[in-house]
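These notes concern the structure reproduced below.
The values are calculated or read from the model by the stated rules, or taken from the named source; none is laboratory data. This is a predicted model, so every value here is computed, not measured. Glycine gets a Cβ as well: all are built from the backbone with ideal geometry, and neighbour counts include every protein chain shown.
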Amino acid sequence: MWFLLLGLLGVGLKYFEVGPVAGWSWWLVLSPFALALAWWAWADSSGYTKRKVMEREARRKQVRIDRQRANMGLPNRDGQRTRR
């Protein structure tokens with residue numbers, strides 16, 4: 001995502017001829033897009049993306065379980081009783 005934002009910023013600065021970016025080669029300005037493509041290809045092929053999604057879902061599930069246990073007056077996963 002950062003490579004994509006950096007690429008968009010570079011293209012905008014190059015197009016509007018702002019600062020030193022105006023003198024840079026288009027290859028240099030467009031290189032963050034190639035890096036973003038390489039990152040996404042690696043993340044998908046290595047399972048990084050899927051692993052992050054699973055971790056996020058597990059955190060959301062645990063928060064929901066803890067909230068329900070607290071509402072019932074049962075101890076949470078740390079063994080502490082909490083009641084709202």
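Values for this structure:
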read-out: Filtered residues of the range 50-74 (kept if in a loop (DSSP other than H, G, I, E, B) and either hydroxyl-bearing (Ser, Thr, Tyr) or surrounded by fewer than 11 Cβ atoms within 10 Å (Cβ to Cβ) (or both)); value: 73
read-out: Filter pass, residue 22 being assigned to a helix (DSSP H, G or I) and at pLDDT below 95; value: yes
read-out: Qualifying residue in the range 7-19 (condition: surrounded by 15 or more Cβ atoms within 10 Å (Cβ to Cβ), in contact with a helix residue (DSSP H, G or I) (Cβ under 9 Å, 6 or more places away or on another chain) and farther than 30 Å from residue 53 by Cβ); value: yes
